[in-house]
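What follows is calculated from the coordinates using simple rules that are stated; it is not laboratory data. Bear in mind that the values here come from a model prediction, so they are computed numbers and not experimental data. Every residue, glycine as well, gets a Cβ built from its backbone with ideal geometry; the counts of neighbours run over all protein chains shown.
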Amino acid sequence: MVELARGITEDLREIGVACRFITVDADTKNNPSVVDFYLKQGFKLNEKYRRDNTSMRLDIFSDIENLEEAGTK
């Protein structure tokens, strides 16, 4: 799902639609290891945003730029 969201975001970027972040609310009550999964995908914790679930974000532009710089895109 994360890869699908990244692909959709890249397609939108190419036609001029701005999308900077993918955000998730990781349900740690249902699955305690879900935060580790998102961290491995490059997500960062939204530390100032507190709720029952763990709020996380992925910076799409930074991710795409890093892939382009590495020549892996």
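So, R0 is 22 Å and r is the distance between the beta-carbons of residue 39 and residue 12; what FRET efficiency does that work out to, to 0.05? It would help to have the intermediate numbers written out before the result.
Details: r = 25 Å, r/R0 = 1.14.
It comes to 0.30.
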Worksheet item: Give me the Kirkwood hydrodynamic radius of the stretch 2-70 in Å, from all C-alpha pairs, to one decimal place?
Response: 13.0
Worksheet item: So what are the ³J(HN,Hα) numbers for the stretch 28-34, from phi and the Karplus equation (6.51, -1.76, 1.60; θ = phi - 60°), rounded to whole Hz, Gly and Pro as x?
Response: 6, 5, 7, 8, x, 8, 5
Practice prompt. Pop out the ³J(HN,Hα) list for the stretch 17-27 in order, Karplus 6.51 cos²θ - 1.76 cosθ + 1.60 with θ = phi - 60°, rounded to Hz; leave Gly and Pro as x.
Written response: 8, 8, 9, 9, 10, 9, 10, 9, 10, 6, 7
Worksheet item: Under a plain spin-label model, where a point goes 7 Å from the Cα along Cα-to-Cβ, how far apart in nm are residue 52 and residue 1?
Response: 1.7
Discussion item. For the stretch 2-70, what does the relative contact order come out to in percent, with C-alpha contacts under 8 Å and a separation of six or more?
Written reply: 34
